[in-house]
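The values are calculated or read from the model by the stated rules, or taken from the named source; none is laboratory data. What you are looking at is a predicted structure, and each value in this text was computed from that prediction instead of being measured. So basically every Cβ, Gly included, is an ideal-geometry build from the backbone, and we count neighbours across all protein chains shown.
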Amino acid sequence: MKLIKIQAHGFKSFAEPIQLSFDGGVAGIIGPNGSGKSNINDAIKWVLGEQSSKSLRGDNMEDVIFAGSKNVKEMNKASVTLTFDNSNNASSVPHKVFTITRELERGKGSNIYYINDEIVRYKDIKDIALESGISKSSLAIISQGTVSDIAEASPEDRRGIFEEAAGVSKYKSRKKEALRKLEKTNESLEKIQTVILELEKQLKPLKNQAEKARIYLQKSKELKDVEVGLIIHNLDFYSTKLKEFEIELEGVVETKENLEQQVRKCENIIEQNSGDRLKFEKELHFLVQDLDNLNEKLRNLELISANENQRRELIISGQIKVNPEEKMKVIKEQLQIIKSRINFYTKQTEELSQIVSDKKNEVQELEKTISTKRIEQNKISNKLNETKVKINILLEHKKNKTNMFKGTKTIVEHKNIFKGYHGLVSEVLKVDQEYIPAIDAVLNNALQHIVVEDAQIAVTAVNFLKKNDGGRATFIPLKSIKPKSIKDEHFLALNMKKGFIDVASNLVKYEPKFEVLSKFLLGNILVVSDIESAKDIAAILDNKYMIVTLEGDLIRTGGVITGGVQQASTNLIGLDEQIAKLEEIVPIISKEVENTSNQITNLEHKKYELTNVVSEFSVEAAKVYEKLSNDQKSFDSLTAEYQTISAKDLGESSSSALDQQINEIQAKKVILQAQIRAKKESILSLNTDFSKVTLEKNDLEKSLRILNDSFSKKITEKNKAEFYLDTNQKRLSEFYNMTYEMAKDNFSLSIDITEAEEFVGRIKEEIKDLGNINIDSIKSYEEISERYDGLKATESEIVDAKDKIESAIKEMDKIIITKLRDTLSAINEEFNNVFQSMFGGGEARVEFVDPSDILESGIDIKAQPPGKSIKNLKLFSGGEKSLIAISLLFAILKSKPLPLCILDEVEAALDDANVVRYAEYLQKLKTKTQFLVITHRHGTMSRVDHLFGATMQTRGVTSFFSVELARAKELIKDTKIES
């Protein structure tokens, strides 16, 4: 590569554009001191990338721009262009000829570099200079100071010139850059590793927290999926229960009020009865006292009467002698007395006979009532026995699964081995008693179909039946079936039709998860009151739906009618409900039996009491009749005797006042006795009623206590239902932030309620066991983990980069060592020869101060001119030092030729003879190296191939011209004069 041309404008003293063209060989630049000839050296250094203003003999970079003079104003821009011939492809620039330009504008502070007028980077210029060996720091630019430095420098400082010669500058530059990168890499690695260490401290606890949080979220999701479905079930269940409890409580309250009213009524009756009994007992006491008084009075009168009667009888019998008239008078009086008694006894006999007859009639009526009650008791007892027998039959039917198909029975007996088994249709659908005939008629054998969760369970069960010869069964997978329904317009029409009750699926009860089953089986079945209504509705709907009556008559799709007397159902539909209904009425019937038995007992007691009364009155009547008969005989005997004595009218005699009193008292006595018996009967009746009402009251109070207990339980259950309803509603709204509708639409249970409750309880316990949860830890862990992973990747990249840099450094060290060793060996071969040529003999060499550390070792110069034994370079004269240094430079150029070398007054310290040797040796080197020599020595100027003269025709402004050798001598002479 050869320098063809230098162009400059505005650079230092080049106020006017200058252009120097070269054709190889040795070109000299001469001129007086201060003419600006060395500015060519600075210009070349500047354009090749010099960044130090001091190296360019300035304070700052803008000092390279022409600052102006007395006659020429300052310039705002400096520009230098070098043109190279690259025919030998020494540079990587893909051109045979290329230019390098550098520009700087005042005030902007930024340099612009060009290659072939295209803007490039500083690095691009630096790389071209390095690869071609003409960089600012290479041997391409040698000044008098460089020669002095070689001679005077320490072995360590002198090393640089050999590195340039070995061409390791670019490697050292790269190594320096690599070391700088390595340092930055180590700093970055240290920073990253510090951060990584800190992140690792954070990650460990965060990982545990995040893992717990993920488990919490997963379990919370699992909990939500099941618990929300369970909550919906609970809300539906407890809402239904609450309505049922409210309805039941209304009935219980009404029944309770009715019972309390009956109890109060019984209490009022008992109170009235007690008052009446007390009153009757007092009245009876007074009547008994009156009777006792009458009896006492009657005994006195009867005693007097007996004395009178005895006297009369004695008179009549003649034991007392009286005259006939007095005897007749006595007989007449006696007849009168007997007649009065006969009349009294006759009347009393009639009254007693009537009383006996009435009481016998009452006894007969009681016997009829007792007989009726016994018949009623037998009927109720039979009903009780029939109910118990029916319950036992139903229980046995349920226990033994009577009439169940073989396959169905096999699966039911082995249901525990099938996860997802829900039960028979008859078990999962509950039907009120009034709708059993209708639902039974519709479903028929489908009641024994087995409800399972999905089709796989059904397939497993079918295979089980086949393997075990278990019969056949039909399975309904909940996840496979679709609900059926009535069209809205048809349903609206039905609501207005007489006899329509509802869609069958609305008349059965089920858990929420079986809603699809109910609608699948019954969603398009209509229930009506009777066959006439069914016929009318079928006609309206054009026989599009199956219709069933409450009695079980059917009109099928298409119009086929099935009906008549339905046999008792042998299916299991409503079996539990039937058993429950029957068990409910058993205590009621038992109570009726007990009440009837008590009534019969009371009637029997009343009959017994009445029978005793009849007996008493019959005995009394017999006594009265006997008295009547005796008096009648006495009357007949006395009448005959009296007629024999006198034929006078007996009726004219009047009874004595005594007999009249006795008769009246006896009459009163009869009345009193009748009143006493009546009072006793009334008291007896009241006692009977009291016992009956007391018993009834006790029964009512017992029923009321049972009802109150039931009422309390119902209230407790209602409160419990309200509590659970409220708890579930709060859980749904506050914890899950959902409405009932939202939850109902999006969540449903796919497992049994018991299983769901166990699952929810277990998951809640597991969540509780997790302890405190930091949900943000997941995001924090992900962010820090992502950052950590990124940093670890960066760390790995940096470590790789570090390894590569260290490897590159090691490789460069090897190259540097090899090149330095080889270069030093090559230089030594040439140095001795050049030294002998320059000194006319002697010997010289260069060597590493520490051969074991070539990378850092200084390089020493060993020189011994002819006739001298001095080996220490510092002991030579200045001229000798310069010549040794120049000899070394020439040896370097011979061993490692450069395309271009600028020599700036390097021979200044040499004497004329050595200048000639110096100049002549340049001619030997010019075949491989182009020299640009700045000089003012005649010996040099006379031996160059071409001269350029520098002058300042305008003060402060340098200009160049080609110089003839004679003219050069004049210029040199002028220089000496000026000096």
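Values computed for the structure shown
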{"item": "Search result, residues across region 526-542 that are surrounded by 18 or more Cβ atoms within 10 Å (Cβ to Cβ) and of a type in the set (Gly, Ala, Ser)", "result": "Ser533, Ala534, Ala538"}
{"item": "Residue tally, condition surrounded by 13 or more Cβ atoms within 10 Å (Cβ to Cβ) and over 14 Å from the mean Cα position of the chain (by Cα), over region 736-754", "result": "9"}
{"item": "Lone qualifier among Leu230, Leu217 - being surrounded by fewer than 19 Cβ atoms within 10 Å (Cβ to Cβ) and in contact (Cβ under 8 Å) with a residue 12 or more places away in the chain", "result": "Leu217"}
{"item": "Region 874-904 - residue that is buried (at least 21 other Cβ atoms within 10 Å of the Cβ) and charged (D, E, K, R) and, of those, nearest to the chain's Cα centre (by Cα)", "result": "Lys896"}
{"item": "Filter result for the condition that a residue is among the hydrophobic types (A, V, I, L, M, F, W, C) and out of contact with any Lys or Arg (no Cβ under 6 Å at 6 or more places or on another chain), over Ile30, Ile65", "result": "Ile30"}
{"item": "Qualifying residue in region 142-153 (condition: at pLDDT 85 or above, surrounded by fewer than 21 Cβ atoms within 10 Å (Cβ to Cβ), among the small types (Gly, Ala, Ser) and over 30 Å from Ala67 (Cβ atoms))", "result": "no"}
{"item": "Cross-chain or 6+ apart pairs with Cβ under 6 Å, region 689-718 first and farther than 15 Å from Arg264 by Cβ, then surrounded by 18 or more Cβ atoms within 10 Å (Cβ to Cβ) and at pLDDT 80 or above", "result": "Asp689/Asn273; Phe690/Asn273"}
{"item": "Yes/no for Glu880 being outside the structural domain of Asn39 (by TED's automatic domain parsing) and of a type in the set (Asp, Glu)", "result": "yes"}
{"item": "Cross-chain or 6+ apart pairs with Cβ under 8 Å, region 870-881 first and in a loop (DSSP other than H, G, I, E, B) and β-branched (Val, Ile, Thr), then at pLDDT 85 or above and surrounded by 12 or more Cβ atoms within 10 Å (Cβ to Cβ)", "result": "Ile870/Gln864"}
{"item": "Search result, residues across region 164-196 that are of a type outside the set (S, T, N, Q), in a helix (DSSP H, G or I), farther than 21 Å from Asp904 by Cα and over 60 Å from the mean Cα position of the chain (by Cα)", "result": "Ala166, Lys170, Tyr171, Lys172, Arg174, Lys175, Lys176"}
{"item": "Number of positions in region 314-355 that are modelled with pLDDT under 70, exposed (fewer than 14 other Cβ atoms within 10 Å of the Cβ) and assigned to a helix (DSSP H, G or I)", "result": "4"}
{"item": "Some residue of region 8-21 being surrounded by fewer than 14 Cβ atoms within 10 Å (Cβ to Cβ) and either at negative phi or more than 60 Å from the chain's Cα centre (by Cα) (or both)", "result": "yes"}
{"item": "Whichever residue in region 356-390 is of a type in the set (Ser, Thr, Tyr) and touching a helix residue (DSSP H, G or I) at 6+ places or on another chain (Cβ under 8 Å) and, among such residues, is surrounded by the most Cβ atoms within 10 Å (Cβ to Cβ)", "result": "Thr387"}
{"item": "Neighbours by Cβ (under 7 Å, 6+ apart or cross-chain): first from region 462-489, closer than 30 Å to Leu541 by Cα and without any contact (Cβ under 8 Å) to a residue 40 or more places away in the chain; second in a helix (DSSP H, G or I) and among the charged types (D, E, K, R)", "result": "Ser485/Lys519"}
{"item": "Subset of region 135-163 [out of contact with any helix residue (DSSP H, G or I) (no Cβ under 9 Å at 6 or more places or on another chain) and outside any helix (DSSP H, G or I)]", "result": "Ser154"}
{"item": "Hits in region 22-52 - residues which are surrounded by fewer than 24 Cβ atoms within 10 Å (Cβ to Cβ) and charged (D, E, K, R)", "result": "Asp23, Asp42, Lys45, Glu50"}
{"item": "Hey, Leu749 at pLDDT below 80 and within 30 Å of Asn268 (Cα to Cα) or not", "result": "no"}
{"item": "Residue match in region 393-411 (condition: at pLDDT 85 or above and of a type in the set (D, E, K, R))", "result": "yes"}
{"item": "Residues satisfying the stated conditions in region 812-864, i.e. crowded, with 19+ Cβ neighbours inside 10 Å, in a strand (DSSP E or B) and touching a Pro at 6+ places or on another chain (Cβ under 8 Å)", "result": "Ile859"}
